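For reference, the structure is listed below as structure tokens.
The values are calculated or read from the model by the stated rules, or taken from the named source; none is laboratory data. Given the structure is predicted, the values throughout are model-derived calculations rather than measurements. Neighbour counts run over all protein chains shown; Cβ positions are idealised from the backbone, glycine included.
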Amino acid sequence: MLKGKTDVPHSVLKTSTDPPAKPPRTFDQDDDQTKQKERKKSVTLMSAELVTMLAPAEKLFTTERDQPVKLRMEGSGPGSETPITIHQLFLEAVEGYGDHPALVFKKGGQMMTLTWRQYYEQCRAAAKSFLKLGLKRFHGVGILGFNSPEWFISDIGCIFAGGLAAGIYTTNSPEACHYVAYNCEANVLVVENQLQLEKILKVKSQLPHLKAIIQYDGELEQKADFLYTWDQFIKLGENIPNKQLNAVIDSQRPNECCTLIYTSGTTGNPKGVMLSHDNITWTARTVSKLINPHCCEEVLVSYLPLSHVAAQMMDIWCSMSLVGTAHFAEPDALKGTLVNTLKEARPTGFLGVPRVWEKIQESMKAVGAKGSALRKRVADWAKAIGLQYTYSAMSGENSVPWGYMLANSLVFKKVRAELGLDRCKLCATGAAPITKETLDYFMSLNIPVKELYGMSESSGPHTSSIHEYRIGSVGRALPGCKTKLDKPDADGNGEICFWGRHVFMGYLNMPDKTAEALDPQGWLHSGDLGKHDEDDFLYITGRIKEIIITAGGENIAPVPIEDAVKLELPIISNAMLIGDKQKFLSMLLTLKCIMDNDGNPTDNLSGEALSFCRQLNISSTRVSEIVANKEPALYKAIQDGINRFNKKSTSNAQKVQKWVLLEKDFSVNGGELGPTMKLRRPVVVKMYQDKIDKLYSH
């Protein structure tokens, strides 16, 4: 269990040699402008005192865990801010707003809260315990579990102790867990429960650097001298003096590595993306200024995998910069309980990968389909007005159509409240492409979903659409960052390259891969194709490695075609275009079905799919029945949808000539999708090679 307080002297909020600090003011006490200005001035001075010299470095990138890098500092503007460490960023929050709630979570059915001061003290306690366990400088602490305060505290405690925090996806196999733990030379692994512990125990003998495993949820089912419960772990370092921990913290430099983000490995082994203190703190502060210039106003819900850079940047680091409050969802959030947490927390900002928004859309459509004819007419009327208004607002016209106020009262406010988004000022999406259909659906409900774009290698976001946005665009580059389109074609499409303080240090122990990603001048090559409009908004038009080159030499981006086919056929869940080196394009299709509680596709059609079938007078309710019988009415409907798409195609080369309906939908557990729901194309091709061969056999 987490404790609300640990015995940390007040003086550690500065350095071990400083006199005792004055008790930090709380947010509630800072309610007049004079005191707020005094506090900001105090924090600025404290921050300036704490700034350390950068570690000497001549190169912009490295593949060595203990080697610093040269920062991409600008002479003025947003890229010129003084670099700080994670610890210094945390101190700004604690010194200014120590009594403000930081983490809100449930334990044993009871709601609990850690203030920013308690949170900081817990991270120090964890850091001492890591030191007690023998965590070596620049060695890993792997964290394997669902989002929780213990995840946050393990991550930050590891960094305080001089280690490299490394998240591991909960869906990883024992072998995949071993790869990450071995690669980062993990001294300690923190796991959620018995299920995750068993994965590590299977490969423990192959982890020569591993000294201890900590289980943070539940009691241990077996005893061993290297196994600890969370309570046992947090007490381990009680005798480590503050002076010892402070010495480790004070030795850290902003241009040194502190975190590893492992890519999901969709095209090979995962790569350990090395992020420096400055990568994280500069990016978090820059994004935070865009979201809100004021502290202590933001509330978020933590539910996306923290091993992914987007969730980690928003939930841990931006929250720290904003001095926000993070509420933790239940482990089964994506199986239906997320909306309950959203209603409890009422977040001011919400980030969802496209599949999350699609699932919300599907759920709302299913509910709407059960309504009366009158309710459906009212909803359709309101959504038409909503779409008109939000497009007007997007263009800057802000023309309010007649009936908007009534539509807002009857529909929009109620929908927001039902979703727990009534206080939400920013709804965002990222990590994968999202369809215009889904964006338009939420626009019609006056819930504009803004796109963010970036990579693990850019510490998360590179472009944002927080204030100004365009449908289909991922926005403009963050302040202090630059975008270059390399080798543009006649239409202006080129490879998107990044420059800025957010660009990573390099891949751990992978010089060849690092050289592929970072050119000699230090530009990060994304592998994505894009172009700018006249207002400098960036549009993603394809991915170099995903580009299909037909036997005729045509270069075809698959995602727009896949999205267009799904738009024509609402019964289709996943569509994957194939045809590399072939004379024509084909497509693998899956039907929408019900997912079980473990995220596995069942044989039962979803409500939306059943509704589609009823319109065709099809009585089948199972995927297997439809595929086995090649249900004539449905197969004809699918072909009709493909034909409609083909008529809109810009060339014959982009037409889909053949398709096959698969027996089950794609899933993370099945291996077809990555942890952020990205399609793992090489995996799918390997799994269905026989069906692909048949498509091209005659």
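Summary table below
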{"read-out": "Yes/no for G79 being on the phi < 0 side of the Ramachandran plot and in a helix (DSSP H, G or I)", "value": "yes"}
{"read-out": "Single match in S444, S456, S473, S464 (criterion: under 18 Å from G272 (Cα atoms), touching a residue at least 40 places away in the same chain (Cβ under 8 Å) and not hydrophobic (A, V, I, L, M, F, W, C))", "value": "S456"}
{"read-out": "The listed residue being touching a residue at least 60 places away in the same chain (Cβ under 8 Å), surrounded by fewer than 22 Cβ atoms within 10 Å (Cβ to Cβ) and either more than 21 Å from S459 (Cα to Cα) or outside the structural domain of W116 (by TED's automatic domain parsing) (or both), out of K376, K365, K289", "value": "K365"}
{"read-out": "All helices (runs of 4 or more DSSP H) inside region 216-313 with 2 or more residues being aromatic (F, W, Y)", "value": "230-236"}
{"read-out": "Some residue of region 513-535 being among the β-branched types (V, I, T), touching a helix residue (DSSP H, G or I) at 6+ places or on another chain (Cβ under 9 Å) and either without any contact (Cβ under 8 Å) to a residue 60 or more places away in the chain or within 28 Å of S276 (Cβ to Cβ) (or both)", "value": "no"}
{"read-out": "Meets criteria (in contact with a strand residue (DSSP E or B) (Cβ under 7 Å, 6 or more places away or on another chain), closer than 19 Å to P68 by Cβ and either in contact (Cβ under 8 Å) with a residue 24 or more places away in the chain or not assigned by TED's automatic domain parsing to the domain that holds I447 (or both)) for M510", "value": "no"}
{"read-out": "Failed item, numbered, when G480 is tested on (1) surrounded by 22 or more Cβ atoms within 10 Å (Cβ to Cβ); (2) in contact with a Gly (Cβ under 8 Å, 6 or more places away or on another chain); (3) in a loop (DSSP other than H, G, I, E, B)", "value": "(1)"}
{"read-out": "Top-ranked residue of region 265-285 - restricted to ones that are polar (S, T, N, Q) and either under 22 Å from V141 (Cα atoms) or under 18 Å from the mean Cα position of the chain (by Cα) (or both), ranked as modelled with the lowest pLDDT", "value": "T266"}
{"read-out": "Unmet requirement for M677, which otherwise passes all of (1) outside any loop (DSSP other than H, G, I, E, B); (2) within 31 Å of the chain's Cα centre (by Cα)", "value": "(1)"}
{"read-out": "Checking A432 against (1) surrounded by fewer than 19 Cβ atoms within 10 Å (Cβ to Cβ); (2) over 21 Å from K678 (Cα atoms); (3) not β-branched (V, I, T), the condition it does not meet", "value": "(2)"}
{"read-out": "Conditions (1) over 21 Å from the mean Cα position of the chain (by Cα); (2) buried (at least 17 other Cβ atoms within 10 Å of the Cβ); (3) among the acidic types (D, E); number of the one not met by E457", "value": "(1)"}
{"read-out": "In region 196-216, the residues that are under 25 Å from the mean Cα position of the chain (by Cα) and either hydroxyl-bearing (S, T, Y) or modelled with pLDDT under 95 (or both)", "value": "Y216"}
{"read-out": "Filtered residue count, region 659-676, keeping only those that are more than 26 Å from D640 (Cα to Cα), surrounded by fewer than 18 Cβ atoms within 10 Å (Cβ to Cβ) and touching a residue at least 24 places away in the same chain (Cβ under 8 Å)", "value": "2"}
{"read-out": "The lone exception for L195 - which of (1) closer than 18 Å to W230 by Cβ; (2) crowded, with 24+ Cβ neighbours inside 10 Å it fails", "value": "(2)"}
{"read-out": "Selection within region 371-404 - in contact with a Phe, Trp or Tyr (Cβ under 7 Å, 6 or more places away or on another chain) and not small (G, A, S)", "value": "I385, Y389, M394, V400, P401, Y404"}
{"read-out": "Residue match in region 603-610 (condition: more than 31 Å from the chain's Cα centre (by Cα), without any contact (Cβ under 8 Å) to a residue 60 or more places away in the chain and in a helix (DSSP H, G or I))", "value": "yes"}
{"read-out": "Region 187-226: number of residues that are in contact with a strand residue (DSSP E or B) (Cβ under 8 Å, 6 or more places away or on another chain), touching a residue at least 24 places away in the same chain (Cβ under 8 Å) and of a type in the set (D, E)", "value": "1"}
{"read-out": "Members of region 270-285 found to be in contact with a helix residue (DSSP H, G or I) (Cβ under 6 Å, 6 or more places away or on another chain) and within 19 Å of F90 (Cβ to Cβ), listed by number", "value": "H277, I280, T281, A284, R285"}
{"read-out": "Exclusive hit being modelled with pLDDT of 95 or more and of a type outside the set (A, V, I, L, M, F, W, C), set K106, K136", "value": "K136"}
{"read-out": "Tally, over region 320-361, of residues that are at pLDDT 90 or above and basic (K, R)", "value": "2"}
{"read-out": "Entirely in region 519-579, the strands (runs of 3 or more DSSP E) that have 3 or more residues that are closer than 25 Å to E468 by Cα", "value": "524-532, 538-543"}
{"read-out": "Those strands (runs of 3 or more DSSP E) lying entirely in region 87-202 with at least 3 residues touching an Asp or Glu at 6+ places or on another chain (Cβ under 6 Å) and basic (K, R)", "value": "none"}
{"read-out": "Single condition I249 does not satisfy, out of (1) touching a strand residue (DSSP E or B) at 6+ places or on another chain (Cβ under 7 Å); (2) within 27 Å of H502 (Cα to Cα)", "value": "(1)"}
{"read-out": "Matching residues, region 630-658, being surrounded by 14 or more Cβ atoms within 10 Å (Cβ to Cβ), basic (K, R) and in a loop (DSSP other than H, G, I, E, B)", "value": "K655"}
{"read-out": "Of residues in region 437-454 being in contact with a helix residue (DSSP H, G or I) (Cβ under 6 Å, 6 or more places away or on another chain) and outside any helix (DSSP H, G or I), the one surrounded by the fewest Cβ atoms within 10 Å (Cβ to Cβ)", "value": "P448"}
{"read-out": "Pairs with Cβ under 9 Å, 6+ apart, first in region 228-252 and within 18 Å of I156 (Cβ to Cβ), second surrounded by fewer than 19 Cβ atoms within 10 Å (Cβ to Cβ) and of a type in the set (K, R)", "value": "I234/K3; L236/K132; G237/K132; I240/K132; V248/R137; S251/R137"}
{"read-out": "Positions within region 502-518 being assigned to a strand (DSSP E or B) and under 17 Å from N255 (Cα atoms), in sequence order", "value": "G506, Y507"}
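Yes or no, residue by residue, for (1) touching a Gly at 6+ places or on another chain (Cβ under 8 Å); (2) of a type in the set (A, V, I, L, M, F, W, C); (3) surrounded by 18 or more Cβ atoms within 10 Å (Cβ to Cβ); (4) assigned to a loop (DSSP other than H, G, I, E, B):
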{"position": "T590", "(1), (2), (3), (4)": "no, no, yes, no"}
{"position": "D598", "(1), (2), (3), (4)": "no, no, no, yes"}
{"position": "R614", "(1), (2), (3), (4)": "no, no, no, no"}
{"position": "S624", "(1), (2), (3), (4)": "no, no, no, no"}
